[in-house]
Amino acid sequence: AYESRQGRGRRVLLASDWLSCTLAQRVFAVSESIRRQAVADGLCRADKIEVLAGGSGNGVDATGRFTPADEDARAQARQALGLPREGLVVGFVGRLAVDKGLGELVGAWELLQPAHPSAHLLIVGEQDERDGLSQELLAKLKALPAVTCAGHLPRPELAYAAMDLVALPTYREGFPNVALEAAAMALPLVATEVSGCVDAVLPEQTGLLVPPRDAQALARGLERYLTSAELRLAHGRAARERVLAWFRQEEIGRAHV
């Protein structure tokens, strides 16, 4: 949590993590990048902290809730969400928070939409209470052309069924559940090159990584998928295969035993 913080807030979070690691007999990190960062920042000894299986908090239900949608499920999901039946849908799932990179997503969509008028942006999630978007940015997001803000959905898999690709322009992560859910649904992901995301995405294989806080780089990554069905499908298939091999909930559960 301290990765995107500055000043006193960062110092407090660092001290809290150091104390937790010091008092614990064993420490589990949700991703290899977080493990490396904890060791590098002096929070925990390297021989005391480990990552279970492929990482993540609890994996993903890739054979039940989160499975690729067929054409009927896709059409039904789009109808339920008020989305056009045709055209590509870029999705975002998560808290509407500054550190999720919504400002950059707004900037990227402003760059992309004129060249891709048939594309649509679907935003799933609620305004974060502590780190929410400014009223100005929230209003700008809702006023953008071809944008649907669906709010909180108790079954996000229905939203994924309507999507063709997913954007995660976050500033920090432990291990993003969204990345696993999208992968399980065979959707390619454009994420930022930050802790957690670098473990969840194999660049140029299961998705794309772009620099954080860079709307132009995010737009370029999204455009690669918007202009190439072959790339979207290939990376989506590879993402699901990786999830089935490394991130099924059964595998994470066995590693905890």
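Going by alpha carbons, how many degrees (0 to 90, nearest 10) lie between the helix axis of 102-112 and the longest principal axis of the chain? That works out to roughly 30 degrees. Ordering 22-34, 81-93, 215-227 by mean Cβ neighbour count within 10 Å, with the highest value first, yields 215-227, 81-93, 22-34. Across region 128-137, rounded Karplus estimates of 3J(HN,Hα) from the backbone phi angles (6.51 cos²θ - 1.76 cosθ + 1.60, θ = phi - 60°) give 6, 6, 9, 10, x, 6, 5, 4, 5, 5 Hz, Gly and Pro being marked x. A simple packing score, the average count of other Cβ atoms within 10 Å per residue, orders the peptides 103-114, 159-170 as 159-170, 103-114, with the highest score first. Using Cβ point charges alone (K and R +1, D and E -1), the dipole size of region 115-257 about the Cα centre works out to roughly 200 debye. Estimated from the Cβ-Cβ distance and a Förster radius of 25 angstrom, the FRET efficiency linking residue 127 and residue 73 is about 0.30.
In the chain, the DSSP beta bridges split such that about 5 percent are antiparallel, to the nearest 5. Quick one: helix 7-23 against the long Cα principal axis of the chain, what's the angle to the nearest 10°, folded into 0 to 90? Orientation of helix 7-23: about 60 degrees from the principal axis.
Database note for the chain: Cys without another Cys beta carbon under 4.7 angstrom, 149, 197. Residue ranking by accessible heavy-atom surface, 1.4 Å probe, largest first, among 116, 152, 235 comes out as 152, 116, 235.
The values are calculated or read from the model by the stated rules, or taken from the named source; none is laboratory data. Remember, predicted model here, so these are calculated numbers, not experimental data. Cβ coordinates were reconstructed from backbone atoms using ideal geometry, including for glycine residues, and neighbour counts include every protein chain displayed. Side chains are part of the model used for accessible areas, which takes the heavy atoms of the whole protein and leaves out ligands, DNA and RNA. Shrake-Rupley method; radii C 1.70, N 1.55, O 1.52, S 1.80 Å.
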